[in-house]
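**Student:** My questions all concern the structure below.
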Amino acid sequence: MLTAYNLYMDDGLLSNNFQLVYSNPEPSQFTATGLVAGRLYVIRSTASNAIGESDPSVETSIYASNLPSKPVTPWRGPTSTMT
């Protein structure tokens, strides 16, 4: 019987220094906070039971970027009337 799903994430500096950022007996959503724009973060998961923790999953990467800014007002240009 599974006791937890675990999510590990590195520091975005390609240091291979993974920290546990989520652990829950039910699979759920996870929102990463505190990410630095321009960094590539590597994530992997494991599962745990009474005997121990599984080997890590295949790694996946996410690239943190800045949120886009509000778009500018579209320019409509001059209007003309045809007669």
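**Student:** Would you pick out the residues in segment 53-71 that are closer than 11 Å to residue 4 by Cβ and in a loop (DSSP other than H, G, I, E, B)?
**Tutor:** Selection gives 54 alone.
**Student:** Taking segment 31-60, which residues are free of Cβ contacts under 8 Å to residues at least 24 places away in the same chain and surrounded by 10 or more Cβ atoms within 10 Å (Cβ to Cβ)?
**Tutor:** 54, 57, 59, 60, listed by residue number.
**Student:** As an exercise: evaluate residue 1 against (1) surrounded by fewer than 11 Cβ atoms within 10 Å (Cβ to Cβ); (2) at pLDDT 95 or above and give the number of the one condition it does not meet.
**Tutor:** It is condition (2) that residue 1 fails.
**Student:** Go through segment 11-56 and count every residue that is over 22 Å from residue 67 (Cβ atoms) and either in contact with a Gly (Cβ under 7 Å, 6 or more places away or on another chain) or of a type outside the set (A, V, I, L, M, F, W, C) (or both).
**Tutor:** Count: 21.
The values are calculated or read from the model by the stated rules, or taken from the named source; none is laboratory data. As the structure is a computational prediction, the values presented were derived from the model and not from experiment. Reconstructed Cβ throughout: ideal geometry from the backbone, glycine too, with neighbour counts over all protein chains shown.
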